[in-house]
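Quick notes on the structure that follows.
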Amino acid sequence: MLIIDVDDQAFRDYLARLQGRLDDLTPAMQSIGQEMEGRIKGRFETETDPLGVPWTPWAPSTAASYPDDGYHRILDRYGDMLGDVNWQADTPSSGPLRPPPSVLSCK
């Protein structure tokens, strides 16, 4: 009979430290929120999709019906849409993230 003993305590300690870092994903979610907001605002500036393809121009009927006091920009009639782009990251909305128990049960 072959018996193999593995001392995995260092690995278990590492997994416990890693799991502790997953309790509050607020910093990661803040970074993601900032990136998404920047990209969305950039799309409005360039009027392109994420692949760089220009937005479809207005149909003549759309241009004719546009209010005189508007911004005259696609998807930004009065500036409200772009101005309302925001994000929020906090502990309740960010986690905790827990791997399935089977991942951490190294017995």
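Give me the residue from the range 83-107 that is modelled with pLDDT of 75 or more and of a type in the set (A, V, I, L, M, F, W, C) and, out of that set, farthest from the chain's Cα centre (by Cα).
Checking each candidate, the answer is VAL85.
Looking only at the range 1-15, which residues are surrounded by 10 or more Cβ atoms within 10 Å (Cβ to Cβ) and without any contact (Cβ under 8 Å) to a residue 12 or more places away in the chain?
Correct list: ASP13, TYR14.
Looking only at residues in the range 50-76 that are surrounded by 11 or more Cβ atoms within 10 Å (Cβ to Cβ) and out of contact with any Asp or Glu (no Cβ under 8 Å at 6 or more places or on another chain), which one is modelled with the lowest pLDDT?
Applying the filter and picking the extreme gives ASP76.
Give the residue, chosen from GLY20, GLY42, that is closer than 30 Å to GLN88 by Cβ and modelled with pLDDT under 90.
Being closer than 30 Å to GLN88 by Cβ and modelled with pLDDT under 90 holds for just one of GLY20, GLY42, which is GLY20.
Could you list all residues from the range 41-60 that are in contact (Cβ under 8 Å) with a residue 24 or more places away in the chain and part of a helix (DSSP H, G or I)?
Matches in the range 41-60: LYS41, PHE44.
Out of ALA16, ALA28, I need the residue that is more than 11 Å from the chain's Cα centre (by Cα), of a type in the set (Gly, Ala, Ser) and part of a helix (DSSP H, G or I). Which one?
Only one candidate qualifies: ALA16.
Would you say PRO27 is loosely packed, with under 12 Cβ neighbours inside 10 Å and touching a Ser or Thr at 6+ places or on another chain (Cβ under 6 Å)?
no
The values are calculated or read from the model by the stated rules, or taken from the named source; none is laboratory data. Keep in mind that this is a model prediction, so the values were computed, not measured. Cβ sites come from the backbone with ideal geometry, for glycine too, and all protein chains shown count toward neighbours.
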